[in-house]
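Asks: Okay, handing you the structure first.
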């Protein structure tokens, strides 16, 4: 991830609301994680498969598709998930809703962010230079 991509992720600099009708916050969710990228991708795949999603992997991007067989096609969800490395011990996970049910998308975002995001866990935090940093991966 380069500086331009990092700046573009800022909500205050997001200009998509000027050109699109749907609120960008309703379509895109980001959270940070201290887990290695391969573990993040694995956990996303594991979680969404348990929720009934189909998963397609394209390079570093996951396409997630859920179609509720009980409904008449109106309850489906298509989401793209991507993991960006900020540094070896910090990743940004981005979930983008392509189409589908907003309630189900919110539920998915809450589940993944609670499983993968920065949370204080006594065996996960360490002191470095007076600053407490979460980092389960080996950092220099």
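Any read-out appearing in this document is the output of simple, stated calculations on the displayed coordinates, not a laboratory observation. Keep in mind it's a predicted model, so treat the numbers as computed, not measured. So basically every Cβ, Gly included, is an ideal-geometry build from the backbone, and we count neighbours across all protein chains shown.
Asks: Place a point 7 Å from the Cα of residue 76 along the Cα-to-Cβ direction; which residues of region 99-113 have their backbone N under 12 Å from it?
Replies: 99-101
Asks: So between residue 46 and residue 60, what do we pick up on full extension, going 0.36 nm a residue minus the alpha carbon distance? Show your work: numbers first, answer last.
Replies: Details: separation 14, 0.36 × 14 = 5.04 nm, distance 1.59 nm.
Answer, rounded to one decimal: 3.5 nm.
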